[in-house]
């Protein structure tokens, strides 16, 4: 039995879908804070269990009988470490055979401030003694594709990544990797650095958007403070605006680049090309 936490989220749902291509629905557990949000999965035979990172007792019950557990990192930046600790402790109590964790690319050396909580979580996992596999996910291409409407409206794509090359991949590719690891043997002790097969600068992304849309779009590189202000002006919450700007600065320092192709090797195919992802976003 495989348990997926955060199964109502964007990545979690994709992992469940990928697992359904490999396993009977009854062998998959969607662990979610609000079970009603995944009623559609329950209707397809997936086991649904209530699990709240802030309620340790719920976690032990949700993980009961699990052979493998995927801990999808919490979306609550700043609260991740205590929440992840609760999951790790519950997994140990439940006797989970393998814990998989979605970390961040090169967590141990990353210049992104976002990496700190992932690095600490990896340390907690090692200290727990649980058999574990670490999935160090790179950037989701969707994080940048979300800016396409504004780029088309104003003719400019804003960022702070400078000439940094970004080896991002589609969220579905990372989900496929997680499903692969969860259904393979002998994964304990492995660390995967997962990134897209191709890398691009934000200037190149702007060029791709322009080429496919037929509209003029240029990349404008901003200091971190100005990019943060622009994101706030666009209506993003302060925490998210800061996170995105800091991550762009980290990308300028190589923090979102990797050319090991471990992701495509793991999923047995090339990662989705940027051209196709941009085309889909424009549709």
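The values are calculated or read from the model by the stated rules, or taken from the named source; none is laboratory data. Model, not experiment: these values are computed from the prediction. Cβ placement follows ideal geometry from the backbone for every residue including glycine, while neighbour counts extend to all protein chains displayed.
Out of all the residues in segment 97-104, is one or more in contact (Cβ under 8 Å) with a residue 12 or more places away in the chain, farther than 21 Å from residue 174 by Cβ and surrounded by fewer than 20 Cβ atoms within 10 Å (Cβ to Cβ)?
Yes, segment 97-104 contains a residue that is in contact (Cβ under 8 Å) with a residue 12 or more places away in the chain, farther than 21 Å from residue 174 by Cβ and surrounded by fewer than 20 Cβ atoms within 10 Å (Cβ to Cβ).
Could you tell me whether any residue of segment 268-282 is under 18 Å from the mean Cα position of the chain (by Cα), assigned to a helix (DSSP H, G or I), modelled with pLDDT of 95 or more and buried (at least 19 other Cβ atoms within 10 Å of the Cβ)?
Within segment 268-282, one or more residues are under 18 Å from the mean Cα position of the chain (by Cα), assigned to a helix (DSSP H, G or I), modelled with pLDDT of 95 or more and buried (at least 19 other Cβ atoms within 10 Å of the Cβ).
Residue check: is residue 257 part of a helix (DSSP H, G or I) and touching a strand residue (DSSP E or B) at 6+ places or on another chain (Cβ under 8 Å)?
Numbers: part of a helix (DSSP H, G or I): no; touching a strand residue (DSSP E or B) at 6+ places or on another chain (Cβ under 8 Å): yes.
Considered against the rule, which asks whether it is part of a helix (DSSP H, G or I) and touching a strand residue (DSSP E or B) at 6+ places or on another chain (Cβ under 8 Å), residue 257 comes out as no.
What residue, of 195, 203, is in contact with a strand residue (DSSP E or B) (Cβ under 7 Å, 6 or more places away or on another chain) and closer than 30 Å to residue 127 by Cα?
Residue meeting the stated conditions: 195.
Would you mind finding the one in 243, 222 that is out of contact with any strand residue (DSSP E or B) (no Cβ under 7 Å at 6 or more places or on another chain), surrounded by 14 or more Cβ atoms within 10 Å (Cβ to Cβ), over 30 Å from residue 27 (Cα atoms) and touching a residue at least 24 places away in the same chain (Cβ under 8 Å)?
Result of the check over 243, 222: 243.
Yes or no, residue by residue, for (1) in contact with a strand residue (DSSP E or B) (Cβ under 9 Å, 6 or more places away or on another chain); (2) closer than 22 Å to residue 82 by Cα:
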| residue | (1), (2) |
| --- | --- |
| 11 | yes, yes |
| 23 | yes, no |
| 27 | yes, no |
| 31 | yes, yes |
| 41 | yes, no |
| 54 | no, yes |
| 58 | yes, yes |
| 63 | yes, yes |
| 70 | yes, yes |
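Can we say residue 207 is modelled with pLDDT under 95 and either surrounded by 20 or more Cβ atoms within 10 Å (Cβ to Cβ) or more than 30 Å from residue 16 (Cβ to Cβ) (or both)?
So residue 207 fails the test.
Can you find even one residue in segment 225-235 that is assigned to a loop (DSSP other than H, G, I, E, B) and modelled with pLDDT of 95 or more?
The answer is no, given that none of the residues of segment 225-235 is assigned to a loop (DSSP other than H, G, I, E, B) and modelled with pLDDT of 95 or more.
Would you check which residues across segment 116-129 are out of contact with any helix residue (DSSP H, G or I) (no Cβ under 6 Å at 6 or more places or on another chain) and in contact (Cβ under 8 Å) with a residue 40 or more places away in the chain and list them?
Result: 118, single match.
Test residue 147 against the criterion of being at pLDDT below 95 and surrounded by 15 or more Cβ atoms within 10 Å (Cβ to Cβ), and give yes or no.
Criteria met by residue 147.
Out of the residues in segment 105-115 that are touching a helix residue (DSSP H, G or I) at 6+ places or on another chain (Cβ under 6 Å) and buried (at least 22 other Cβ atoms within 10 Å of the Cβ), state the one that is farthest from residue 166 (Cα to Cα).
Looking at the filtered set, the residue picked out is 107.
Can you give me the number of residues within segment 185-222 that are assigned to a loop (DSSP other than H, G, I, E, B), in contact with a helix residue (DSSP H, G or I) (Cβ under 9 Å, 6 or more places away or on another chain) and farther than 20 Å from residue 281 by Cβ?
3
Determine whether residue 132 is surrounded by 20 or more Cβ atoms within 10 Å (Cβ to Cβ) and over 30 Å from residue 206 (Cα atoms).
So residue 132 passes the test.
Residues checked against (1) under 15 Å from the mean Cα position of the chain (by Cα); (2) within 19 Å of residue 107 (Cβ to Cβ):
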| residue | (1), (2) |
| --- | --- |
| 129 | no, no |
| 135 | yes, yes |
| 141 | yes, no |
| 162 | no, no |
| 169 | yes, yes |
| 186 | no, no |
| 190 | no, yes |
| 197 | no, no |
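From the residues in segment 105-114 that are over 25 Å from residue 186 (Cβ atoms) and touching a residue at least 60 places away in the same chain (Cβ under 8 Å), which one is nearest to the chain's Cα centre (by Cα)?
Here the residue is 114.
Would a scan of segment 248-261 turn up a residue that is surrounded by fewer than 17 Cβ atoms within 10 Å (Cβ to Cβ), over 19 Å from the mean Cα position of the chain (by Cα) and over 28 Å from residue 71 (Cβ atoms)?
Checked against the condition, which is being surrounded by fewer than 17 Cβ atoms within 10 Å (Cβ to Cβ), over 19 Å from the mean Cα position of the chain (by Cα) and over 28 Å from residue 71 (Cβ atoms), segment 248-261 yields no hits at all.
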